[in-house]
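Visitor: I am attaching a structure below and will ask some questions about it afterwards.
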Amino acid sequence: MQNHPHRPESTRADFTIDQNWDAHTAEEHAIWATLFKRQQQILKGRAAQEFLDGIDILNVSSDGVPDFRRLNDILGARTGWQIVAVPGLVPDDIFFDHLANRRFPSTCFIRTAEQLDYIQEPDVFHDVFGHVPLLVNPVFADYMQAYGKGGVKAMQLGALHNLSRLYWYTVEFGLIRTPDGLRIYGAGIVSSQGESVFSLESSAPNRIGFDLMRIMRTRYRIDDFQESYFVIDSYEQLFEATRPDFTGYYETLKSLPEVEAGEIQPEDTVLNRGTGRTRPAA
Ligand code: PHE
Ligand code: FE
């Protein structure tokens, strides 16, 4: 998250713009369709049921880039959330204020055909396909709002680096344990063809039971698949664990060492100890 050097004339003070859905070209809709169909195949039996339910309820499909007005009617009726269009990453305080008011900032542009497999910055496929379906889930919807309020506080307490890791390892790269096995709920995974398979099936990464303080100490990689994934048992667990005031937690964290992305700690609940990414096959 960083400031934008170029703020288009039409950007409002809260950084929102119009989606301008009618301006999307056939080519852009076709890129959405390609991405959607790929993920629909891969995510069967891999994505969390709550995510798949969200896709169905919102009628997100291979038809093309969804019209935010249509999604907002459904989302608003379900959980009171709204999607607001933004030109790209917005400043932290703006981002948190949106979340705290049940507004999810989403980009409008879509990646190019050359960027199908990897794009560094979020686009509308990541934001809408990845993030919005779980906002239909009441508990997750509340968690996201609480996170926004927590963000404002973390900024004041100089603890944003700790809180950002929580977002990273849950909202973006979270796994959930179900009776049928591990499933994906993180937006960064469900919107990525490669990581959807890697996160669940590769022997390289660690898969570790959710632990709030442990996560807030753990560094992360933004340029490659994750070296560790954290596994929740339910969205209720996530919401309850993050309900307390974090002020004291942040104080404690100052005296605890940071943990590297691929490291295992003695007190971890290890579901899978990763073999690591760099080890060559024997
Ligand atoms: N309870 C946290 C605080 O006091 C806020 C929060 C809620 C943070 C949910 C993350 C997720 O800071
Ligand atoms: Fe994201």
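The values are calculated or read from the model by the stated rules, or taken from the named source; none is laboratory data. Just so it is clear, the structure is predicted and the values come from calculations on it, not from any experiment. For accessibility, only protein heavy atoms count, side chains too; no ligands or nucleic acids. Shrake-Rupley method; radii C 1.70, N 1.55, O 1.52, S 1.80 Å.
Visitor: Working from the alpha-carbon coordinates of segment 21-272, get Rg over Rh, Rh being the Kirkwood radius.
Guide: 0.95
Visitor: When DSSP beta bridges are limited to those with both residues in the chain, what percentage is antiparallel, rounded to the nearest 5?
Guide: So the antiparallel bridges in the chain amount to around 35 percent.
Visitor: Provide the gained length on full extension for the span residue 22 to residue 251, in nm with one decimal, where the gain is 0.36 nm per separating residue minus the Cα-Cα distance.
Guide: 77.5 nm
Visitor: Using helices alone, I'd like the mean residue ellipticity at 222 nm for the chain: each DSSP H run of four-plus residues gives -39500 (n - 2.57), total over residue count, nearest 500.
Guide: Estimated from H runs of four or more residues: -11500 deg cm²/dmol.
Visitor: What are the residues whose amide H is under 5 Å from the amide H of residue 106, where those residues sit 5 or more places off or on another chain and H is modelled from the backbone?
Guide: Answer set, sorted by chain and number: 84, 85, 86.
Visitor: What are the residues whose amide H is under 5 Å from the amide H of residue 178, where those residues sit 5 or more places off or on another chain and H is modelled from the backbone?
Guide: 183
Visitor: Another question, if that's okay. Probe 1.4 Å, all protein chains in place: accessible area of residue 231 in Å², nearest 10?
Guide: Roughly 0 Å² of residue 231 is accessible to a 1.4 Å probe.
Visitor: Roughly how many Å² of residue 224 are accessible to a 1.4 Å probe, to the nearest 10?
Guide: 60 Å²
Visitor: Ignoring ligands, DNA and RNA, how do 106, 255 rank by accessible area with a 1.4 Å probe, largest first?
Guide: Output order, biggest surface exposure first: 255, 106.
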